[in-house]
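What follows draws every value from the coordinates through simple rules; no lab data is involved. Since we're looking at a predicted model, the values are computed, not measured. Please note: Cβ atoms are built from the backbone with ideal geometry, for glycine as well, and neighbour counts cover all protein chains shown.
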Amino acid sequence: MMQQIANQIDAVVGGGRDRISNFIRESGAVVVFLMDSIRLTFRRPNRYLEIVRHMEFVGNQSVLIIMLTGAFTGLALAYQIYMGFKMVNATNLVGPIVALGISRELGPVLTGLIVSARAGGAMAARLGTMRVNEQIDALDVMGVNTKQYLIAPRILASFICMPLLCAVFDFVAILGAWFLAVKLVDLDEAIFWDKIRSTIEIRHINEGLFKSAIFGIVFAMICCYRGFNTSGGAKGVGEATNRGVVQSMVLIIVLDYFLTSFLRFVEAIMGYPV
Amino acid sequence: MTEAASSAAPEIAIRLTDLRKTFDGKEFVVQGMDLAIPKGSLTAIIGFSGTGKSVILKHILGIYKPTSGKVEVLGRDVASLRPDDLTDFRKNFGVLFQSAALFDDMTVLENVCFPLVEHRRDLKEKQILEIAAEKLKQVGLDPKHFQKLPSQISGGMQKRTGLARALALDPEILFYDEPTTGLDPILTEMVDDLILETHHHRPGITSVMVSHDLDAAFRIADYVAMLHAGKVLLFGTPEEFFNTDIDLVQTFVAKGMKRTKPN
């Protein structure tokens, strides 16, 4: 009996230890993967065409879905804030509060989640399929640096496109909020825009754009890593895609908190008001 | 049989010396393998499943690093090359993969152009297209298929395209990784003939075919290396295989051969 309990404790402790060591090893591998890719971005031969091709995929093809989610996020958020502020007779602040929430938090986070699901999933699936179909091996033995050809352009394209998509999201979401506030619940349009103008500073928008650029690197890095290291046929591709997307989404949300804290700390040092 | 098989002391293109490989630190997949593949020869590496054929190929291509021992290709120790040098060195290789491994978002012609675009930056676009078309014609692919995607052509055509791509840079060594696996007998014979023809039309090229198709190995190869338990059990000409006293080789050959006898 005692031996059985001891064995079970051993199994639990051993399993936990393995998980932690796996996590550390994988985190290290992902960081090395990223550093390699960044280093190779600036090496010859230049991959401008590949970068543009991936920008078209990550950026251009995500615009519609970003606009759609942005509009409805703005509408829903404005409505909730309107309902709350109506109770304290502060509906004039609906505009700036929505604009602040969108530009600093919801814009970058939702853009990150949507694009990581759409483009990140596609990246992992594409690279995973290339791996199991020996196309990556073929590139390797053709003397093509696969990280430079396949990974670096995807990471760079995501890094460039994410702030642009985030800006689109912010713009459309604020338009959505305007539509609700001015057209549906009859708030004063001049006050709505004036309050936004007097509250929102360029640093608030930059904060969101900065975060979204980081999220772009994060989801591209994780999804590319998962896809690039796929094994086990079609099942492996599915698993790689799933893990890539889920891990990217979780990391974006976790990282958002730490980035926010970091930026507040920097702003405090620089003497900006909250 | 090519000239390489009849020369007295052939120059060596690929040399494995006491090669050992373990993936888990316990079990050795390759256990002290010695192999010397003559330059200009067509060599087949055969053996039962799980004897390390593909592992050997990946060592030669520099995809795997040996646990111990040495892998020399064209006189250079592949395992000691820096990643960038290895990438550069691989321009000497052409590989026809089991699945052909064509890029599915590129047309047949673009697939063959790809290595040229990557490595022959001195060439103009028109020249690259001409070379690629020439390579495709050499492997017997009709120009009407050049603008098709790999998914729109047959398995045999995909193999031809893969071979044309492997030949695009005029490599010194051509590898065939299980080139006929999963093909019907007619297509298998067509691919075998294509390999032989490709080898004969390129004097000096070293061809290495990893296969479990004994018919093909004995029909087209100058030398055959049979692997067993992570070692080379026998390396020699097809005739030597049929005249050997080694029981395991005799059994393998007797069971594996179906349609071809040596000349």
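Please enumerate, by chain and number, the lysines with C-alpha under 19 Å from the C-alpha of A:Lys195, excluding those fewer than 8 residues away in the same chain.
List returned: A:Lys86, A:Lys183.
If you filter region A:27-75 for trypsin sites (Lys or Arg not before Pro), then keep DSSP loop positions with at most 13 other Cβ within 10 Å, what is left?
A:Arg43
How fast does region A:120-184 diffuse by Stokes-Einstein, in µm²/s, taking the Kirkwood radius from C-alpha pairs at 4 °C and 1.567 mPa s?
It comes out at roughly 88 µm²/s.
With the dipole of the protein assembly as shown worked out from charges on the C-beta (+1 for Lys and Arg, -1 for Asp and Glu) around the Cα centre, which of B:Ala166, B:Pro66, B:Val210 lies farthest toward the positive end?
B:Pro66
Regarding chain B, what's the average projected area of the Cα-atom convex hull, expressed in nm²?
Projected over every direction and averaged, the Cα hull of chain B covers 14.7 nm².
What does the structure give for B:115-121 when I average, per residue, the other chain Cβ atoms found within 10 Å of the residue Cβ?
Whole-number average of other-chain Cβ neighbours for B:115-121 is 3.
If amide hydrogens are placed 1.01 Å from N in the peptide plane, which non-local residues have theirs closer than 5 Å to the one on B:Lys231?
B:Gln31
Taking the number of other C-beta atoms within 10 Å as the exposure measure, put A:Ser37, A:Ser212, B:Ser154 in order starting with the fewest.
Final ranking by Cβ density, sparse to dense: B:Ser154, A:Ser37, A:Ser212.
Largest first and to the nearest Å, give the Cα extent of chain A along each principal axis.
Projected onto the principal axes, the Cα atoms of chain A cover 64, 63, 39 Å.
Which whole-number value in Å³ per residue fits the convex hull of the alpha carbons of region B:113-263?
137
How many percent of DSSP beta bridges within the protein assembly as shown run antiparallel, rounded to 5?
About 55 percent, rounded to the nearest 5.
Answer with one residue from B:Ser54, B:Pro185, B:Thr244: the one whose Cα lies farthest towards the positive end of the charge dipole of chain B, charges on Cβ with Lys, Arg +1 and Asp, Glu -1.
Of B:Ser54, B:Pro185, B:Thr244, it is B:Ser54.
How much of the DSSP bridge set in chain B is antiparallel, in percent, rounded to the nearest 5?
Of all bridge pairs located within chain B, approximately 55 percent are antiparallel.
To the nearest whole number, what is the average tally of beta carbon atoms from other chains within 10 Å of the beta carbons of peptide B:215-228?
0
Quick one: check the C-alpha center-to-center distance for region A:208-252 versus region B:42-76, whole angstrom.
That distance is 33 Å.
Under 5 Å between amide hydrogens, which residues at least 5 positions from B:Met209 or on another chain qualify, with H placed 1.01 Å from N in the peptide plane?
Here the answer is B:Thr43, B:Ala44, B:Ile45, B:Tyr176, since their amide H atoms fall under 5 Å of that of B:Met209.
At a 10 Å Cβ-Cβ cut-off, how would you order A:Phe219, A:Phe265, fewest neighbours first?
The fewest-first ordering by Cβ neighbours comes to A:Phe265, A:Phe219.
Given springs between every Cα pair under 10 Å in a Gaussian network model of chain A, which of A:Gly14, A:Gly101, A:Gly216 has the largest fluctuation?
Sorting by GNM fluctuation, first place goes to A:Gly14.
Rounded to whole Å, give me the distance from the Cα center of region A:69-88 to that of region A:126-165.
One Cα centre to the other: 41 Å.
Compute the distance from the alpha-carbon center of region B:208-260 to that of region A:3-54, in whole Å.
The two parts, judged by their Cα centres, are 43 Å apart.
Given B:Lys26/B:Lys70; B:Lys39/B:Lys144; B:Lys53/B:Lys144; B:Lys135/B:Lys255, which pairs have Cα atoms separated by over 28 Å?
Over 28 Å Cα-Cα: B:Lys39/B:Lys144; B:Lys53/B:Lys144; B:Lys135/B:Lys255.
Treating cross-link reach as a plain straight distance, find the aspartates and glutamates whose alpha-carbon is under 20 Å from the alpha-carbon of B:Lys124, omitting any fewer than eight places away in the same chain.
In chain and number order, the partners are A:Glu50, B:Glu110, B:Glu134, B:Asp170.
Which whole-Hz ³J(HN,Hα) couplings does region B:219-226 yield from phi under the Karplus relation 6.51 cos²θ - 1.76 cosθ + 1.60, θ = phi - 60°, glycine and proline marked x?
7, 10, 8, 7, 10, 10, 10, 9
Given axes a ≥ b ≥ c from the Cα gyration tensor, I'd like to know whether region A:83-139 is rounded (a/c under 1.5), prolate (a/b larger than b/c) or oblate.
Cα axes put region A:83-139 in the prolate bin.
Mark the label point 7 Å from the Cα of B:Gln127 along Cα→Cβ and return the residues of region B:148-171 whose backbone N is within less than 15 Å of it.
Of the residues in region B:148-171, B:169-170 have backbone N under 15 Å from the label point off B:Gln127.
From the phi of every residue in region B:44-54, what ³J(HN,Hα) in whole Hz does the Karplus formula 6.51 cos²θ - 1.76 cosθ + 1.60 yield, where θ is phi - 60° and glycine or proline is x?
9, 9, 10, x, 5, 4, x, 8, x, 4, 5
Which three lengths, in whole Å and largest first, does the protein assembly as shown cover when its Cα atoms are put on their principal axes?
101, 76, 41
Taking θ = phi - 60°, what integer Hz values does the Karplus form 6.51 cos²θ - 1.76 cosθ + 1.60 yield along region A:207-217, in sequence order, with x for Gly and Pro?
Computed from phi, the couplings for region A:207-217 are 4, x, 5, 4, 4, 5, 5, 5, 5, x, 5 Hz.
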